[in-house]
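Shown next, in structure tokens, is the structure this report addresses.
The values are calculated or read from the model by the stated rules, or taken from the named source; none is laboratory data. Source: prediction; values computed, not measured. Cβ: placed from backbone, ideal geometry, glycine included. Neighbour counts: every protein chain shown. Side chains are part of the model used for accessible areas, which takes the heavy atoms of the whole protein and leaves out ligands, DNA and RNA. Shrake-Rupley method; radii C 1.70, N 1.55, O 1.52, S 1.80 Å.
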Amino acid sequence: MGVDASDRDEPLLLVGADVVTLDDAAPSARAVLIRRRRIAWVGDDPSDVTPPGCRVLDLTGTTLQPAFVNAHTHLTNLGLMLSALDLGVAESVEDCLAAVRANVDVTPDPVLWGIGWDETRWPEHRAPTADELTVAAEGRPAMLSRSDGHCVVVDRTSLTALPLGRARGVDRGSDGRPTGLLRQEAAQVAQRWFVAQLPSATLRHARRLAVRELAASGVASAHEMGGPHRMGPDDFDAWLAGDWPIEVVAYWGDVDLDFVAERGLRRIGGSLLLDGSIGSHSAALASPYADKSGAGQLYHDTEELSEFALQATRKGIQVALHAMGDRAIGQAIDVFESVAAAIGPEQLRRTCPRLEYAALVDAADVRRLAALGVVVTAQPANDLDLATVGGTYERRLGADRARAANPLGVLQRAGVPLAFGSDDVQALDPWATVRSAASHPEEGMRMDATAALRAATLGGRLAARQPMVGAIRAGNRADLAAFEGTPAAPGQCVLTTVAGRVVHGLGLLSYA
């Protein structure tokens with residue numbers, strides 16, 4: 001899995017790099033010494049601190065920094081995406097279906113799985129139908145996931161077989177028949193059903209592929225957002241039990257406190273959805289969508305959520321709620337405020353409550369979040385791409401609301417702690433997240449580049465309640481990443497270490 005300095009009891013000295021420490025007391029350096037999983041020394045001239053038998057890695061021409069943290073992702077899904085049919089490049093419904101037809105004979109698994117379609121970019125402005133997908137897939141079970149992951153299309157045969165019952169989100173045509181488009185609970189049922197059809201070997205390969213590619217991208221820690229509606233308990237337990245090259249911090253997206261207690265976890269939620277997504281018209285908004293009647297709906301009762309959050313917080317368990325629309329964000333804040341009123345704001349703060357996404361947060365709610373100390377985990381690379389002129393957000397919300405989405409700079413300057421994540425293949429380019437946060441279409445909502453880098457690296461450590469890892473300073477755990485080029489223009493990742501173990505870039509090792 002890597003070369004581990006702690007196992008070999010050999011110190012590792014990294015020299016020659018421009019070291020960006022993100023430590024305000026000593027923001028730059030030229031060398032870093034690692035001993036027994038931790039940073040032992042940071043400075044410019046290591047000649048007086050280099051111990052005998054020390055391994056030396058020359059990183060001249062690179063920038064060394066704290067490793068990235070993906071603070072919200074779905075790792076097995078990510079691995080499946082890397083080998084799934086990519087529909088993000090499809091330019092029309094027919095183009096999408098043609099890709100499915102071409103994939104039938106080359107997919108070894110019993111089901112076809114495509115990802116990334118976005119009907120707002122197609123001239124038809126609609127999803128494929130179940131009947132069209134049945135023909136294209138030649139009768140094989142097929143599921144096509146929308147780019148936001150909150151909406152899927154399935155073939156007619158699978159649609160009949162799915163245990164949808166009274167699940168919300170089954171789209172129906174004018175004749176009353178299901179079209180094949182599934183949102184909300186119905187999409188979750190479909191995703192679980194299709195995962196169950198995949199061979200165990202496919203899932204194991206997906207897990208290994210996801211963490212390997214993240215390590216190669218300079219990511220040392222990933223927050224796995226599992227849950228009963230995602231990949232289920234078996235997949236969640238596989239992440240808890242596995243020996244991975246990077247750190248996996250697992251969150252269970254449900255209100256079942258017994259489930260996390262049985263596994264010794266001090267956190268719950270993450271994918272505990274209060275609403276859906278803007279692209280699939282399932283985010284709960286304070287006013288109706290611009291292109292469709294209705295304003296979405298809340299998935300949970302506020303009083304029941306508040307009681308759950310109160311029980312968890314009293315036990316010292318961190319609660320992470322997932323809200324996209326402004327109405328759902330308001331509900332999440334109401335929940336946290338009720339907890340603070342019951343047991344005091346300081347006890348709530350000690351558990352570091354989280355709010356995932358928070359795309360449509362208004363000025364009043366920014367102030368409420370800051371007062372509560374809630375960490376907002378945003379997805380700039382995903383969401384800001386949707387907020388471009390003529391993009392999904394503008395179609396769904398109208399130009400004014402779309403421009404106001406994801407006010408990351410406003411949150412930062414108000415004192416709201418930020419962490420960054422990415423659900424999809426954008427996870428493999430963490431620098432895209434930093435660039436997106438610093439280039440919001442609205443200048444007043446942009447973060448400066450350093451603050452964005454902090455959110456993408458140190459922010460995830462705060463969100464996971466990890467005080468002794470993050471900035472490059474003596475005593476912190478040695479989770480580091482080196483990139484070609486300068487701090488202003490970083491290139492390919494050439495080294496990643498996790499707790500002193502080199503998990504990417506072994507070919508660079510040399511011995512003094």
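Extension gain for Ser293 to Ile343 (0.36 nm times residue separation, less C-alpha to C-alpha distance): 14.0 nm. Which whole-number percent of Cα pairs in segment 174-243 have a distance greater than 20 Å? Summing the P(r) tail past 20 Å for segment 174-243 gives 43 percent.
Between Ala474 and Asp258, the modelled label-to-label distance comes to 5.1 nm, taking each label 7 Å out from Cα in the direction of the beta carbon. Please report the carbon-and-sulfur percent of the accessible area for the chain; probe 1.4 Å, protein heavy atoms only, DNA, RNA and ligands left out. Result for the chain: 51 percent of the exposed heavy-atom area is carbon or sulfur. The modelled label-to-label distance for the pair Ala489/Ala26, using points 7 Å beyond Cα in the direction of Cβ, is 3.0 nm. Quarter the surface of the alpha carbon convex hull of the chain and you get the mean projected area, 23.5 square nanometres.
What is the Cα convex hull volume of segment 120-270 when expressed per residue in Å³?
Output value, Cα hull per residue: 148 Å³.
Overall dimensions of segment 123-166, expressed as equivalent-ellipsoid semi-axes from the Cα gyration tensor (√(5λ), whole Å, largest first), are 17, 15, 9. Legend: P(r) of segment 22-96 from all alpha carbon pair distances, 5 Å bins from 0, whole percents, reading 3, 9, 15, 14, 11, 8, 9, 8, 8, 5, 5, 2, 1, 0.
In Å², and per residue, what accessible area does segment 180-275 have when probed at 1.4 Å with the other protein chains present?
Accessible area per residue, segment 180-275: 33 Å².
Please compute, over every Cα-Cα pair in segment 13-172, the percentage with a separation greater than 18 angstrom. Numbers along the way, then the final one.
Details: 8738 of 12720 pairs.
That tail contains 69 percent of the Cα-Cα pairs.
The coefficient of translational diffusion for segment 408-450, derived via Stokes-Einstein from the alpha carbon Kirkwood radius under 37 °C and 0.692 mPa s, stands at 301 µm²/s. Treating each Cα of segment 293-441 as one equal point scatterer and applying the Debye formula with no solvent, the log10 of I(q)/I(0) at q = 0.17 Å⁻¹ comes out as -0.97.
Relative contact order for the chain using alpha-carbon pairs under 8 Å, separation at least 6, rounded to a whole percent?
About 19 percent, as a whole number.
Take the Kirkwood radius over Cα pairs of segment 285-359, plug it into Stokes-Einstein at 10 °C and 1.306 mPa s, and you get 122 µm²/s for translational diffusion. Along each principal axis, taking the top coordinate minus the bottom one, the Cα set of segment 363-470 gives 44, 34, 21 Å in descending order.
Extent along the principal axes, Cα only, for segment 64-131: 49, 31, 20 Å, with the longest axis given first. Model label sites at Ala241 and His125, defined 7 Å from Cα along the beta-carbon direction, differ in position by 5.0 nm. Run through the DSSP bridge list for the chain and note the antiparallel percent, rounded to the nearest 5. Counting only bridges with both partners in the chain, antiparallel ones make up about 50 percent. For the Cα trace of segment 440-512, dividing Rg by the Kirkwood Rh returns an Rg/Rh value of 1.04. The value of relative contact order for segment 1-102, using C-alpha pairs under 8 Å at least six residues apart, is 26 percent.
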